[in-house]
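Remarks on the structure that follows.
The values are calculated or read from the model by the stated rules, or taken from the named source; none is laboratory data. Bear in mind that the values here come from a model prediction, so they are computed numbers and not experimental data. Methodologically, a virtual Cβ is constructed for each residue, glycine included, from the backbone with ideal geometry; neighbour enumeration extends over all protein chains shown.
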Amino acid sequence: MAEKSDVGAGSIVEAATALRPLISEHRRAGELQARLSDEVIQAAGKAGLFRMFAPMEVGGLEVSPTEAFNATVEISAADPAVSWLIVNSMVPCMMSALIPEAERNAMFADVDRNFGFSAVALAEATAVEGGYRLTGSWPVVSGCDDALWCALAGRVIEDGEVRMNSNGRPDVRLFLVPTKDLEIVQTWQDAAAMRGTGSNQLNANEVFVSEAMACVPGSPPVIDRPLFRGSPTPLTLPIFAAVAVGVLKGAIEAASEEIKSKVSSVTGKALRDQTETQIAVADASAALRAIHAGCLEAFSSSWDYSRRDQLVPNEIKAELYSSSFYAGDVARAMISNLYTKGSRAAFMQGHALERCLANIHAIIAAIDARRSFHHSAGAVMLGGEPLEPSF
């Protein structure tokens, strides 16, 4: 069994906040090499940020969703590439509660490492005796160069056809695979946003995965606690939104610091004295408080049901998902406005606001893959049924 962490759940937000200077210091290096620096990976791992949703039995912290959300906001304000690896590690950590003890301990032999993750189910897993032969590609797997294990989605193939589950839908599983068994293709060097994530392509060619390591999300866990029951989506999708909230926080900090000392070459006035600039900063600050508080309120309400071992009503899930997507959309709009109302220096490559603008669009593009949950939230609020099967 892995050694248990000495990081207390109550301190994870403070630990994240304390890491911001180090992350900021190495941010540019991560962008240039299209991969986070070793110093940042090691510090984030030691702080427990890659195992916030891992079982305590393997050194996980099992923090509350609120703590995970706030820690993610702090890290994202410094560099969302770091928080992207943190959030992508959450699903593999949660899946580890579904597998036997020996296999779970193997996953956490190095407790401080991040995990790779892809929910893109393009690969095929052919059923064989004792498990599956996994073949296919996952085009974008963040942090795979540093991960020892990955959770990768694939469709089960039986007798040459896609196997259907009891609900009449394709049998899609998350396969827990050692990264050493996969081919990493370096595709991320030309990325224009979120470069530090090192989101390279993974290939598998007839990789054997045992039945025990072929997880069905939502199936009964071996470690039966609220954090590991049911679909991981209600716990992870809002934390992806926390990344957007954190990027907005970082953008406001960067814009405010620069605006205080800049003079417009067009008007000759200090930027801080221009009405449009003042309104842009005020609006962004108000939006940050609103979306942060709104997400936390919905998240806490949903978690209250889960921790009491009660099913979360669809009406509560609707508020949770709608708050998450709204937060991302508002963050994108506010950052775009700060970019246009701030200094012309923001147009230069590597400027803090330029990075925030590129990153927020990339983040929302990734979250858009789950936009069906947003539509379904509206359907539920209007008295209908969710259109998304895994709502």
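Numbers at a glance
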| read-out | value |
| --- | --- |
| Sole exception among (1) within 16 Å of Trp84 (Cβ to Cβ); (2) in contact with a Lys or Arg (Cβ under 7 Å, 6 or more places away or on another chain); (3) not hydroxyl-bearing (Ser, Thr, Tyr) for Ala192, by number | (2) |
| Selection status of Leu85, in a helix (DSSP H, G or I), closer than 18 Å to Cys144 by Cα and modelled with pLDDT under 95 | no |
| Scope the range 45-70; condition assigned to a loop (DSSP other than H, G, I, E, B) and either charged (D, E, K, R) or assigned by TED's automatic domain parsing to the domain that holds Cys150 (or both); matching residues | Glu62 |
| Members of the range 174-191 that are of a type in the set (Phe, Trp, Tyr) and either part of a strand (DSSP E or B) or surrounded by fewer than 15 Cβ atoms within 10 Å (Cβ to Cβ) (or both) | Phe175 |
| Residue within the range 246-261 that is in contact with an Asp or Glu (Cβ under 8 Å, 6 or more places away or on another chain) and not in a helix (DSSP H, G or I) present | no |
| Criterion violated by Ala15 - all others in (1) at pLDDT 95 or above; (2) in contact with a helix residue (DSSP H, G or I) (Cβ under 7 Å, 6 or more places away or on another chain); (3) in a helix (DSSP H, G or I) satisfied | (2) |
| Test: residue in the range 299-312 that is buried (at least 20 other Cβ atoms within 10 Å of the Cβ) and either over 29 Å from Val63 (Cα atoms) or charged (D, E, K, R) (or both) | no |
| Failed condition for Glu354, given (1) farther than 19 Å from Ala280 by Cβ; (2) acidic (Asp, Glu); (3) in contact with a Phe, Trp or Tyr (Cβ under 8 Å, 6 or more places away or on another chain); (4) assigned to a helix (DSSP H, G or I) | (1) |
| Residues satisfying the stated conditions in the range 273-296, i.e. surrounded by 14 or more Cβ atoms within 10 Å (Cβ to Cβ) and either modelled with pLDDT under 95 or among the acidic types (Asp, Glu) (or both) | Gln274, Thr277, Gln278, Ala280, Val281, Asp283 |
| Residue within the range 259-269 that is buried (at least 19 other Cβ atoms within 10 Å of the Cβ) and either of a type outside the set (A, V, I, L, M, F, W, C) or at positive phi (or both) present | no |
| Criterion (assigned by TED's automatic domain parsing to the domain that holds Val209, closer than 14 Å to Ser199 by Cα and under 28 Å from the mean Cα position of the chain (by Cα)) met by exactly one of Asp171, Asp145, Asp181 | Asp145 |
| Flag for Gly168 being farther than 21 Å from Val40 by Cβ and part of a strand (DSSP E or B) | no |
| Selected residue (only one of Val87, Val40, Val82, Val13 is aliphatic (A, V, I, L, M) and in contact with a Phe, Trp or Tyr (Cβ under 8 Å, 6 or more places away or on another chain)) | Val87 |
| Conditions (1) in a helix (DSSP H, G or I); (2) of a type in the set (A, V, I, L, M, F, W, C); (3) more than 19 Å from Ala327 (Cβ to Cβ): number failed by Val73 | (3) |
| Total residues in the range 69-82, condition closer than 21 Å to Cys150 by Cα and either of a type outside the set (Val, Ile, Thr) or touching a Ser or Thr at 6+ places or on another chain (Cβ under 6 Å) (or both) | 3 |
| When residues of the range 192-204 are limited to those that are under 20 Å from Val91 (Cβ atoms) and aliphatic (A, V, I, L, M), the one surrounded by the most Cβ atoms within 10 Å (Cβ to Cβ) | Met194 |
| Checking Arg35 against (1) modelled with pLDDT of 95 or more; (2) under 26 Å from Gln201 (Cα atoms); (3) part of a helix (DSSP H, G or I), the condition it does not meet | (3) |
| Residue in the range 92-142 that is nearest to Glu161 (Cα to Cα), counting only those that are surrounded by fewer than 23 Cβ atoms within 10 Å (Cβ to Cβ) and among the hydroxyl-bearing types (Ser, Thr, Tyr) | Thr126 |
| Residue satisfying condition, being modelled with pLDDT under 95 and not in a loop (DSSP other than H, G, I, E, B), within set Tyr321, Tyr305, Tyr339, Tyr326 | Tyr339 |
